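Participant: The structure that follows is given in the form of structure tokens.
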2 protein chains.
Amino acid sequence: MPIKKTLAALAVGAMMAVSPAALAQTIGVSIPAATHGWTGGLNWHAAQAQARLQELYPDINIILVTADGPAQQANDLEDLVSIHNIDALVVLPFESEPLTDPVRQVKESGVFVTVVDRGLAQEGIEDVYVAGNNPELGRVSGEYFLTRLGDGDNIVILRGIPTTIDDERFNAFLETIEGSGINVLDHAHANWNRDDGFEVMQDFLSRFPRIDGVWAQDDDIALGVIEAIRQADRVDEMFVVGGAGMKEVIAMVMQGSELIPVNVLYPPAMIATAMDVTVSHFKSNGPVTGEYILGAPLITPENAEQYYFPDSPF
Amino acid sequence: MPIKKTLAALAVGAMMAVSPAALAQTIGVSIPAATHGWTGGLNWHAAQAQARLQELYPDINIILVTADGPAQQANDLEDLVSIHNIDALVVLPFESEPLTDPVRQVKESGVFVTVVDRGLAQEGIEDVYVAGNNPELGRVSGEYFLTRLGDGDNIVILRGIPTTIDDERFNAFLETIEGSGINVLDHAHANWNRDDGFEVMQDFLSRFPRIDGVWAQDDDIALGVIEAIRQADRVDEMFVVGGAGMKEVIAMVMQGSELIPVNVLYPPAMIATAMDVTVSHFKSNGPVTGEYILGAPLITPENAEQYYFPDSPF
């Protein structure tokens with residue numbers, strides 16, 4: 001198939017001076033398999049974007065492959081180039097280090113490369129980088145706490161896995177609430193995990209008689225936190241702010257929940273944004289090379305609908 | 001017309017629970033009039049994107065307005081909201097300060113706002129910011145000089161209008177060539193202007209008997225520099241690197257010119273990128289809110305064709 005396509009392209013190219021954009025383009029999309037909530041959403045949104053973009057552009061062919069680990073993803077990249085003859089790659093690397101060389105090899109073969117979310121271990125390989133904004137997620141969350149709480153109010157913080165991402169979120173949040181008089185009673189790592197969120201929150205609830213707000217910074221953690229609060233029968237005492245845009249959480253925001261009044265976006269749908277700009281590289285007169293750092297907007301009952309995808313697993 | 005459209009939209013909305021994205025959207029695009037080369041290109045690319053996007057999406061209506069100054073642009077914004085009832089605005093502000101309040105008022109009326117190139121005087125008003133990358137332009141230019149010149153070679157630098165933009169470009173260039181032994185014989189402001197570029201270069205040529213390279217950092221300046229070099233009959237002595245992606249300059253790069261071997265992109269076509277992501281806000285499952293900072297790729301004979309728009313005035 002790719003050989004046939006290439007020959008046809010050469011024949012057309014020889015017959016008339018068509019621009020490269022007028023020929024069919026094949027775009028490979030390589031992402032981690034749907035092993036947990038966020039990657040489940042990632043896979044769903046990638047498939048949605050694939051269907052939408054192929055319908056919009058009959059001459060755009062999108063091949064979506066999912067990997068169970070870095071080694072399989074490296075193999076996928078080789079196949080996308082050698083078998084499918086891709087013109088562009090959209091890749092969310094399983095891990096930064098082991099995918100850096102494989103992505104560089106794709107780039108060196110002449111393919112346009114868009115990297116999503118997790119950066120490579122070396123700068124300058126990709127043409128486009130699309131990612132969320134972790135300091136912004138911390139800042140926007142902190143600003144919401146400032147609108148709800150003030151001098152003498154008590155909060156607890158549940159952190160993620162100890163990483164740069166977690167530090168960026170945490171430091172930006174603390175800087176934002178600095179000087180407000182809000183007490184941070186304690187903070188502990190809950191590893192972006194529902195069970196850990198439950199256990200850490202149970203401990204906080206047993207130690208602190210009055211908690212006004214919980215910054216869980218992640219929706220998986222937040223679900224565990226909510227369960228602990230419900231079991232302790234202290235639902236009316238506090239509010240919880242997670243982060244990501246999980247559909248169950250967005251649904252609570254839409255319904256005007258007092259326990260989960262808002263959310264902050266760090267969406268798996270960013271894979272669709274990356275696919276959009278990659279297609280634009282072939283279809284638009286606007287340049288796309290560069291860094292697209294998505295915001296972390298506050299999701300409120302007023303705007304929640306645009307972030308709610310009921311059919312997505314996340 | 002807008003009233004009719006709104007009534008029709010309301011009627012459809014009342015009859016069935018359609019998602020807002022399924023209704024027609026009106027997008028206003030407000031840019032400076034084509035007073036010089038770069039804004040000429042800006043207007044051409046905005047019109048190209050308007051035609052392309054309206055053909056692609058029959059339910060997207062784009063209204064393109066151009067202003068001769070900040071006051072007229074502020075009036076345009078009012079009209080886009082009150083008369084055309086826009087759902088989104090793409091604006092390249094004439095100047096930052098006088099347009100900040102008018103754009104904020106558009107945002108506060110519920111319109112989705114994308115700001116291009118020149119930022120507003122206050123952060124956080126727009127939903128999306130699309131811009132070029134000035135430090136990157138300096139760095140990429142400097143890296144090209146490192147591939148051509150070394151210890152003991154002589155260059156001169158022509159700067160723009162004294163502004164933050166100029167400082168960012170200049171400082172990044174100097175940092176990049178630091179330690180290479182390349183001599184910067186002198187630098188002077190040529191104000192992104194062809195005539196000034198000619199005069200400054202004439203002075204350099206009269207004072208320095210051997211110049212190996214000229215960093216003009218801008219294509220208008222570069223055209224003046226080339227004229228001065230030609231009049232001095234020293235074309236074979238040196239090369240000139242401009243910046244922006246002016247079609248005359250890209251054409252020289254494509255033809256393998258030794259005087260203008262490369263260019264660095266800072267494209268007026270970024271207005272099309274901004275229009276693309278604004279349309280995606282209504283049409284894509286991917287989020288678009290955030291900062292899209294376009295790269296400043298090196299344009300070489302190998303890749304120049306994709307940056308060459310022969311019908312554009314710039």
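Participant: Take the alpha-carbon centre of the range A:55-86, take the same for the range A:215-294, and report the distance between them in whole Å.
Facilitator: 27
Participant: Restricting to bridges with both residues inside the protein assembly as shown, how much of the DSSP beta-bridge set is antiparallel, in percent to the nearest 5? Don't jump to the answer; show the numbers that get you there.
Facilitator: On the way: 9 of 81 bridges.
So the antiparallel bridges amount to about 10 percent of the total.
Participant: For the protein assembly as shown, with the dipole built from +1 on Lys and Arg beta-carbon atoms and -1 on Asp and Glu ones, taken about the Cα centre, which of B:180, B:156, A:82 lies farthest toward the positive end?
Facilitator: Result: A:82.
Participant: Let me ask something else. Label-to-label distances across copies for residue A:227, with labels 7 Å out along Cα→Cβ, in nm, shortest first?
Facilitator: Counterpart label points of residue A:227 in the remaining copies fall at 7.4 nm.
Participant: Just the accessible area per residue of the range A:32-85, please: how many Å² with a 1.4 Å probe?
Facilitator: For the range A:32-85, the solvent-accessible area averages 45 Å² per residue.
Participant: On to the next question. Treating only the Cβ atoms of Lys and Arg (+1) and Asp and Glu (-1) as charged, compute the dipole magnitude of the protein assembly as shown about its Cα centre; round to the nearest 20 debye.
Facilitator: Details: 34 positive and 88 negative charges, 314 e Å.
With only Lys, Arg, Asp and Glu charged at Cβ, the dipole is about 1500 debye.
Participant: Can I ask one more? For residue A:40, go 7 angstrom from Cα along the Cα-to-Cβ vector, then report the distances to that same point in the other copies in nm, smallest first.
Facilitator: Listed shortest first, these distances are 5.8 nm.
Participant: Let me ask something else about it. Relative contact order, percent, of the range B:115-181 when contacts are C-alpha pairs under 8 Å separated by at least 6 residues?
Facilitator: Details: 58 pairs, mean separation 27.2, N = 67.
With pairs under 8 Å counted, the relative contact order is 41 percent.
Participant: Also, I was wondering about something else. Run the 1.4 Å probe and let me know the accessible area of residue B:148, rounded to the nearest 10 Å².
Facilitator: It works out to around 110 Å².
Participant: Based on the alpha-carbon gyration tensor of the range B:134-264 and its eigenvalue square roots a ≥ b ≥ c, which shape applies: rounded if a/c is under 1.5, prolate if not and a/b is larger than b/c, or oblate? Before the final figure, lay out the partial values.
Facilitator: Values: a/c = 1.19, a/b = 1.09, b/c = 1.09.
Judged from the Cα gyration tensor, the range B:134-264 comes out rounded (a/c under 1.5).
Participant: Follow-up. If one takes the accessible area of chain B alone plus chain A alone and subtracts that of the pair, with a 1.4 Å probe, what total in Å², rounded to the nearest 100, results? Can you show the working numbers first?
Facilitator: Details: alone 14330 and 14350 Å², together 26390 Å².
About 2300 Å² of accessible surface is lost on pairing.
Participant: Using Cα pairs under 8 angstrom and six or more residues apart, how large is the relative contact order of chain A, in percent? Could the numbers behind the result be given before it?
Facilitator: Details: 613 pairs, mean separation 57.3, N = 314.
After rounding, I find 18 percent.
Participant: Taking the Cα centre of the range B:134-264 as origin, work out the dipole magnitude from +1 charges on Lys and Arg Cβ and -1 charges on Asp and Glu Cβ, in debye rounded to 20. List each step's numbers first, then the result.
Facilitator: On the way: 10 positive and 24 negative charges, 32 e Å.
It works out to roughly 160 debye.
Participant: I need the inter-copy label distances for residue A:83: point set 7 Å along Cα to C-beta, values in nm with one decimal, smallest first.
Facilitator: Counterpart label points of residue A:83 in the remaining copies fall at 5.8 nm.
Participant: In addition: Heavy-atom accessible surface, probe 1.4 Å, ligands and DNA/RNA ignored: which residues of the range A:279-314 lose at least 50 Å² versus the isolated chain?
Facilitator: A:285, A:287, A:289, A:292
Participant: Additional query: Name the chain A residue nearest the rotation axis between A and B, going by Cβ position, and give the distance in whole Å.
Facilitator: A:292, 2
Participant: Determine the relative contact order of the range A:134-264: mean sequence separation of Cα pairs under 8 Å and six or more apart, normalised by residue count, in whole percent. Can you show the working numbers first?
Facilitator: Details: 261 pairs, mean separation 32.0, N = 131.
Averaging sequence separation for qualifying contacts and normalising by length gives 24 percent for the range A:134-264.
Participant: Looking only at other chains, what is the average number of their beta-carbon atoms within 10 angstrom of each beta-carbon in B:260-267?
Facilitator: 1
Participant: Could you go through the range A:53-65 in sequence order and give the Karplus-derived ³J(HN,Hα) for each residue, using 6.51 cos²θ - 1.76 cosθ + 1.60 with θ = phi - 60°, rounded to whole Hz, and x for Gly and Pro?
Facilitator: 6, 5, 6, 5, 10, x, 9, 9, 10, 10, 10, 9, 10
Participant: Provide the net charge surrounding residue B:48, with neighbours chosen by a C-beta distance below 13 Å and charges set as Lys +1, Arg +1, Asp -1, Glu -1. Before the final figure, lay out the partial values.
Facilitator: Numbers: positive: A:283, B:52; negative: B:55, B:276, B:311.
Taking every other residue near residue B:48 into account, the sum is -1.
Participant: Same structure again: Write down the accessible area per residue of the range A:134-194 in Å², having rolled a 1.4 Å probe over the full set of protein chains.
Facilitator: Working: 2820 Å² over 61 residues.
About 46 Å² of surface per residue is accessible.
Participant: In vacuo Debye scattering of chain A, one point per C-alpha: log10 I(q)/I(0) at q = 0.11, 0.12 Å⁻¹?
Facilitator: -0.72, -0.82
Participant: Here's a follow-up. Over the alpha carbons of the protein assembly as shown, what is the largest minus smallest coordinate on each principal axis, giving the biggest first in Å?
Facilitator: 87, 57, 56
Participant: Specify the inter-centroid distance of the range B:149-177 and the range A:163-186, based on alpha-carbon positions, in whole Å.
Facilitator: When both Cα centres are located, 39 Å separates them.
Participant: Continuing with this model, one more query. Tell me, what HN-Hα J-couplings in whole Hz come from the Karplus equation 6.51 cos²θ - 1.76 cosθ + 1.60 at θ = phi - 60° for each residue of the range A:219-236, using x for Gly and Pro?
Facilitator: Working through the residues one at a time gives 6, 5, 4, 4, 5, x, 4, 4, 4, 5, 5, 5, 4, 7, 6, 10, 4, 7 Hz.
Participant: For residue B:64, which sequence-distant residues (separation of 5 or more, or a different chain) have an amide H within less than 5 Å of its own amide H, given hydrogens modelled in the peptide plane?
Facilitator: For residue B:64, the qualifying residues are B:29.
Participant: Return the carbon/sulfur percentage of the accessible area of the range B:140-282, one whole number, probe 1.4 Å, all protein chains in place.
Facilitator: Values: 2390 of 5430 Å².
The value for the range B:140-282 is 44 percent carbon and sulfur by accessible area.
Participant: Through the Karplus equation 6.51 cos²θ - 1.76 cosθ + 1.60, θ set to phi - 60°, convert the phi angles of the range B:112-120 into ³J(HN,Hα) values in whole Hz; use x for Gly and Pro.
Facilitator: Those phi angles translate into 6, 10, 10, 9, 10, 6, 8, x, 7 Hz.
Participant: Tell me what chain B gives for mean residue ellipticity at 222 nm when only DSSP H runs of n ≥ 4 count, each as -39,500 (n - 2.57), the sum divided by the residue total, rounded to 500 deg cm²/dmol. Could you put the intermediate results ahead of the total?
Facilitator: Details: 10 runs with 138 residues, N = 314.
Dividing the helical sum by the residues of chain B leaves -14000 deg cm²/dmol.
The values are calculated or read from the model by the stated rules, or taken from the named source; none is laboratory data. These numbers were taken from a predicted model, which means no experiment stands behind them. Here Cβ is always computed from backbone atoms with ideal geometry, including for glycine, and neighbour counts include all displayed protein chains. Heavy atoms of the whole protein, side chains included, go into the accessibility calculation; ligands, DNA and RNA do not. Shrake-Rupley method; radii C 1.70, N 1.55, O 1.52, S 1.80 Å.
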